[in-house]
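All remarks here apply to the structure that follows.
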Amino acid sequence: MNRPSPQDRPSERLARYIEQTDGITKPWLLVQLRLQKLKDDRDQLSATEYAQAVADIHQDLMQLGEWWIGREDEAFGER
């Protein structure tokens, strides 16, 4: 299979976007980045490793809870 160069991988493009838009402070973007990296590497993981990684990311996402309440404008931009 012809794999894209590391800088052309979707996770690398998303990482650059997050850096350029100061998205490092937005937890949901970091979750998206983790999911994209996992997707990029899926063919290198066993089914068990992949399932565990998805479960770990899901757990972290659920722990975010409703962190944005009271910070809607800061988190999502003015409406």
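Quick note: the coordinates plus some simple rules give every number you see, no bench work behind them. All values derive from a computational prediction rather than experimental measurement. Glycine also receives a Cβ, built like all others from the backbone with ideal geometry; neighbour counts cover every protein chain displayed.
How large is the helix-only mean residue ellipticity at 222 nm for the chain, computed as the sum of -39500 (n - 2.57) over DSSP H runs with n ≥ 4, divided by its residue count, in deg cm²/dmol to the nearest 500? After summing the helix terms and dividing by residue count, I get -19500 deg cm²/dmol.
Positive-end ranking of L45, G70, P27 along the dipole of the chain, with charges on Cβ about the Cα centre, is headed by L45. Label point of Q59 set 7 angstrom out along Cα-Cβ; within region 16-31, amide nitrogens under 17 Å from it belong to 31. Of all the stretches in the chain, which is the longest one without any exposed loop site, taking GluC sites (Glu not before Pro) in a DSSP loop (any state but H, G, I, E, B) with at most 14 other Cβ atoms within 10 Å? Between exposed loop sites, the widest span is 1-65.
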